[in-house]
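Following: one structure in structure tokens, then a few remarks.
The values are calculated or read from the model by the stated rules, or taken from the named source; none is laboratory data. Owing to the predicted nature of the structure, the values given are computational and were not obtained by experimental measurement. Here the Cβ positions follow ideal geometry from the backbone for every residue, glycine too, while neighbour counts run over all protein chains shown.
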Amino acid sequence: MDLATITLVVAAVGGLIMVTVRLTGRPRPPTWLAIGHGGIAAFGVGLLAGQWPVLPTLARIALGVFCLAILGGATLFLGFHLKNRPLPVALMLAHGLTALTGLTLLIVALVGSSPPGTLPFGRPPALENPATVPPLPVPPTQP
């Protein structure tokens, strides 16, 4: 969950740069920036989705919110950017606020999954109900 959070923070910085470019009067950010932002965000969401069995409830909600943000980002890129149409500021802001909501929920889930006084990064996520996850098989020993 921590690597996904870091990746999504990097994607958020790219999104902030793109909305700044749009608000300064340019109709679209550079295509390489849009593709990089979307790719990094998709990678982060994929990392998060891959940890579904061990995600706390709040992180699962964040994943759902990120899926909504993906719809907005795909609409912006496919419906406007690739057609050389100016990106609608309202849709950009809605996409960004949705993604920021997901990121906030994810950070709260990450911090909340840590024991008091410790940093959450670098340790596996805690299971909500360890009895529901079967143990890993132990390989036989060789004689």
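List of remarks:
- The sole residue among F66, F43 that is crowded, with 18+ Cβ neighbours inside 10 Å, of a type in the set (F, W, Y), in contact with a helix residue (DSSP H, G or I) (Cβ under 9 Å, 6 or more places away or on another chain) and under 30 Å from S113 (Cβ atoms) is F66.
- Sole residue being outside any helix (DSSP H, G or I), more than 15 Å from L106 (Cβ to Cβ), in contact with a helix residue (DSSP H, G or I) (Cβ under 9 Å, 6 or more places away or on another chain) and touching a residue at least 24 places away in the same chain (Cβ under 8 Å), chosen from R22, R28: R28
- Subset of region 24-39 [surrounded by 19 or more Cβ atoms within 10 Å (Cβ to Cβ) and not charged (D, E, K, R)]: P29, A34, H37, G38
- The conditions of being at pLDDT 95 or above and either of a type in the set (S, T, Y) or not in a loop (DSSP other than H, G, I, E, B) (or both) are met by A74.
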